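Take a look at the structure below.
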Amino acid sequence: DFQYLSYYDAQKNVVLAKRKLDSDQWEIKKTPLVGNPKDAHNSISMAFDGEGFLHLAWNHHNVPLQYQKSDTPETLTLAPAKMVGTQENRVTYPEFHQLPNGDLLFLYRDGSSGNGNLVVNLYHTKNKRWERLHHSLIDGEGQRNAYWQATVDTKGVVHLSWVCRESPDVASNHDLLYARSYDSGRTWVRSDDTPYALPINAKNAEQAWPIAQNSSLMNQTDMTNDASGNPYIANYWKGA
């Protein structure tokens, strides 16, 4: 029955807001949390778990994890919280996704452009604890990194797509790749449901669409799904 949003204000503080869907009156709370809105990497990600607690991560570009959680359900009052405690010193692109049972997935890059891995954590709403599912779901092997996006369909299937970058140079982006998970991110398969041997890397990743380097390929895909669970992936690149 409520809509929530978050944004940076002119003073660079994170602001949270809440309203009833049938009202134009907003409850607005300026937090002491500060970010760098001039860097597009440093976006805000937030989600609710199945008990109504708000989880928020903000202001990341190869920096230690910044994560807070509301102290009571469906409120705008946050408090510092802990996640797993390892591989949290070089975080970029944090992203929460709610699963149908109310648990949360949290994905982020550990590392840097051209040299990074995709980390996946799972929050268990019942016991209020985080679990590390993969310290390197997509392994850059010290030579590349994945720029990824994810979506969860109505059946709880997690869809993941990404492009690879071979160096800090954006021109080295190439290929549109795909994986999905039927068990909340623990195991992963290709589009024909053949299992991945984890971690996924440059040799075993499924190509949704081959794209050469030097094609002006956008860093990250954008994803959603329809009511039948079909994934839709958007990106752009120049033709041959």
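When the criteria are applied in full, E206 meets the requirement of being in contact with a Phe, Trp or Tyr (Cβ under 7 Å, 6 or more places away or on another chain) and among the charged types (D, E, K, R).
No other residue among Y178, Y232 is surrounded by 15 or more Cβ atoms within 10 Å (Cβ to Cβ) and of a type in the set (F, W, Y) apart from Y178. One residue stands out among those in the stretch 177-220 that are in contact with a Ser or Thr (Cβ under 6 Å, 6 or more places away or on another chain) and of a type outside the set (S, T, N, Q): the one that is nearest to N115 (Cα to Cα), which is P199.
Taken over the stretch 125-172, the criterion of being open to solvent by less than 40 Å² (accessible area, probe 1.4 Å) and among the polar types (S, T, N, Q) is satisfied by T125, S136, N145, Q149, T151, S161, S167, S172. Identify the residue in the stretch 186-203 that is of a type in the set (S, T, N, Q) and within 22 Å of the chain's Cα centre (by Cα) and, among all such residues, is farthest from W162 (Cα to Cα). Checking each candidate, the answer is T187. Criterion applied to W162, W58, W148 was being under 18 Å from the mean Cα position of the chain (by Cα) and over 30 Å from P210 (Cα atoms), and the one residue passing it is W58. Just so you know, in the stretch 81-124 the residues that are crowded, with 18+ Cβ neighbours inside 10 Å and of a type in the set (V, I, T) include one that is nearest to R165 (Cα to Cα), and it is T92.
Within the stretch 192-204, does at least one residue satisfy the condition of being under 26 Å from H41 (Cα atoms) and open to solvent by 40 Å² or more (accessible area, probe 1.4 Å)?
Taking the stretch 192-204 first, the residues under 26 Å from H41 (Cα atoms) are 199-202.
Add one more test, that the residue is open to solvent by 40 Å² or more (accessible area, probe 1.4 Å), and what stays is 199, 202.
There is at least one residue in the stretch 192-204 that is under 26 Å from H41 (Cα atoms) and open to solvent by 40 Å² or more (accessible area, probe 1.4 Å).
Against the numbered list (1) at pLDDT 95 or above; (2) touching a Leu at 6+ places or on another chain (Cβ under 7 Å), D1 comes up short only at (1). Here the stretch 209-222 is the region considered, the condition is being of a type outside the set (G, A, S) and out of contact with any Phe, Trp or Tyr (no Cβ under 7 Å at 6 or more places or on another chain), and the residue that is most open to solvent (accessible area, probe 1.4 Å) is W209.
The values are calculated or read from the model by the stated rules, or taken from the named source; none is laboratory data. Note that this is a predicted model, so its numbers are computed, not measured. Backbone-built Cβ (ideal geometry, glycine too); neighbour counts: all protein chains shown. These accessible areas exclude ligands, DNA and RNA; they are computed on the full protein's heavy atoms, side chains included. Shrake-Rupley method; radii C 1.70, N 1.55, O 1.52, S 1.80 Å.
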